[in-house]
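Here the structure comes first, spelled out in structure tokens, and everything after it is commentary.
The values are calculated or read from the model by the stated rules, or taken from the named source; none is laboratory data. The structure displayed is predicted, hence computed values, not measured ones. Please note: Cβ atoms are built from the backbone with ideal geometry, for glycine as well, and neighbour counts cover all protein chains shown. Areas reflect the complete protein model, heavy atoms only, side chains present, ligands, DNA and RNA absent. Shrake-Rupley method; radii C 1.70, N 1.55, O 1.52, S 1.80 Å.
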Amino acid sequence: MEIRNVVHRGLRRFIERDDASGLPPSVVEKVRNIVTFLREMGDASELRDIPSWKAHQLSSDRKGTWSLAVTRNWRITFKIDRNKGEILDLDYEDYH
């Protein structure tokens, strides 16, 4: 899927320029794997293929937002536009 926009500045710099300076060094490889997977996936159902990412959709005011575990508190979050096959509002956040 194509990534339409990235919210987190460090994650955006990492995706656009392969500059990891805005991310903790300990998560760079995992974030790289997640971003690569997201770009190559064809459908949201594939997100559950990697159990360690604990893929799930958020509820309440964040309904429709997917969450993938990076570390204990930090997550990659995003929405999916199924009509266009795009990832929206990709973010790296601590929402706990």
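Here are a few candidate values for percent of Cα pairs over 21 Å apart: [x] 42; [y] 53; [z] 25. Which one was actually calculated from the structure I just gave you?
The calculated read-out lines up with [z].
Any chance you could look up the accessible area of PHE37 with a 1.4 Å probe, heavy atoms only, rounded to 10 Å²?
Its heavy atoms expose roughly 40 Å² to the probe.
Loop-only check: which trypsin sites (Lys or Arg not before Pro) in the range 45-96 are DSSP coil with at most 16 other Cβ within 10 angstrom? Mind showing how you got there, number by number?
Values: sites: ARG48, LYS54, ARG62, LYS63, ARG72, ARG75, LYS79, ARG82, LYS84; in loops: LYS54, LYS63, ARG72, ARG82, LYS84.
Here the sparse-neighbourhood loop sites are LYS54, LYS63, ARG72, ARG82, LYS84.
Which value, in Å² and to the nearest 10, is the accessible area of THR36 when all protein chains are kept and the probe is 1.4 Å?
Per-residue accessible area (THR36): approximately 60 Å².
Using a 1.4 angstrom probe on the protein heavy atoms only, line up ASP61, ASP18 by accessible area, largest first. Please list the in-between numbers first.
Numbers: ASP61 140, ASP18 100 Å².
Per-residue accessible area, sorted high to low, gives ASP61, ASP18.
Classify the range 52-96 as rounded, prolate or oblate, taking a ≥ b ≥ c as the square roots of the eigenvalues of its Cα gyration tensor: rounded when a/c is under 1.5, otherwise prolate if a/b is larger than b/c and oblate if not. Walk me through the numbers before you get to the answer.
Values: a/c = 2.00, a/b = 1.62, b/c = 1.23.
Prolate shape, in that a/c is at least 1.5 and a/b is the bigger ratio.
Heavy atoms of the protein only, probe of 1.4 Å, neighbouring chains included. What is the accessible area of SER21 in Å², nearest 10?
Per-residue accessible area (SER21): approximately 90 Å².
Measure off, as a whole percent, the carbon and sulfur share of the 1.4 Å-probe accessible area of the chain, all protein chains present.
44 percent
I'd like to check one number: the per residue accessible area of the range 6-53, probe 1.4 Å, reported in Å² as a whole number.
61 Å²
Residues with beta-carbon under 10 Å from that of ILE76, excluding ILE76: net charge, scoring Lys, Arg +1 and Asp, Glu -1?
Details: positive: LYS30, ARG75; negative: ASP91, GLU93.
So the environment of ILE76 carries a net charge of 0.
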